[in-house]
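Notes follow the structure.
The values are calculated or read from the model by the stated rules, or taken from the named source; none is laboratory data. Values in this document were obtained by computation on a predicted structure and should not be read as measured data. All Cβ positions, even for glycine, are placed from backbone atoms using ideal geometry, and neighbour counts span all protein chains on display. Keep in mind that these areas ignore ligands, DNA and RNA; they rest on the heavy atoms of the full protein, side chains included. Shrake-Rupley method; radii C 1.70, N 1.55, O 1.52, S 1.80 Å.
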Amino acid sequence: MSISSATKKELVKKYGGSETNTGKVEVQIAIITEEIIALTKHMIENKKDKISKAGLYAKVSKRKNLLAYLHRTDIERYREIIKELNLRG
């Protein structure tokens, strides 16, 4: 499941500072988090969808790696993004 381009643009503006700053780690984490939320809702309705389940696990792993990178490099930004996205850290 993917999220709409309007939602992605909102997230890029909110966490990236500008509309073109899509490479910032916070932006990537926020976009992946929205995709995880959408996939989780899909998985609740479609329990036998194994392909989507694998995609969900891949996205969770990617977000985990990005959060670990942010934790290593800048602990304040890590704490801020955890707080804003209501993630366990």
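Scanning the stretch 50-70 for residues that are open to solvent by less than 100 Å² (accessible area, probe 1.4 Å) and free of Cβ contacts under 8 Å to residues at least 12 places away in the same chain yields Lys53, Ala54, Ala58, Ser61, Asn65, Ala68.
Scanning the stretch 4-19 for residues that are of a type in the set (Gly, Ala, Ser) and exposed (fewer than 12 other Cβ atoms within 10 Å of the Cβ) returns Ser4, Ser5, Ala6, Ser18.
Against the condition part of a helix (DSSP H, G or I) and on the phi < 0 side of the Ramachandran plot, how does Lys48 come out, does it pass? No: the conditions fail for Lys48.
Here Lys47 passes the criteria (1) within 14 Å of Lys8 (Cα to Cα); (2) open to solvent by 60 Å² or more (accessible area, probe 1.4 Å); (3) modelled with pLDDT under 95 except the one numbered (1).
Among residues of the stretch 36-57 being out of contact with any helix residue (DSSP H, G or I) (no Cβ under 7 Å at 6 or more places or on another chain) and small (Gly, Ala, Ser), the one that is farthest from Ile3 (Cα to Cα) is Ala54.
Restricting attention to the stretch 1-27, the residues that are touching a residue at least 12 places away in the same chain (Cβ under 8 Å), under 17 Å from Ile81 (Cα atoms) and hydroxyl-bearing (Ser, Thr, Tyr) total 1. His42 - would you say it is in a helix (DSSP H, G or I) and open to solvent by 40 Å² or more (accessible area, probe 1.4 Å)? For His42, the condition - in a helix (DSSP H, G or I) and open to solvent by 40 Å² or more (accessible area, probe 1.4 Å) - is not met. When Thr33, Thr22 are checked against the criterion of being open to solvent by 50 Å² or more (accessible area, probe 1.4 Å), touching a helix residue (DSSP H, G or I) at 6+ places or on another chain (Cβ under 6 Å) and not hydrophobic (A, V, I, L, M, F, W, C), Thr22 stands alone in meeting it. Within the stretch 68-89, track down each residue that is in a helix (DSSP H, G or I) and over 18 Å from Lys14 (Cα atoms). Scanning the stretch 68-89 gives Ala68, Tyr69, His71, Arg72, Thr73, Ile75.
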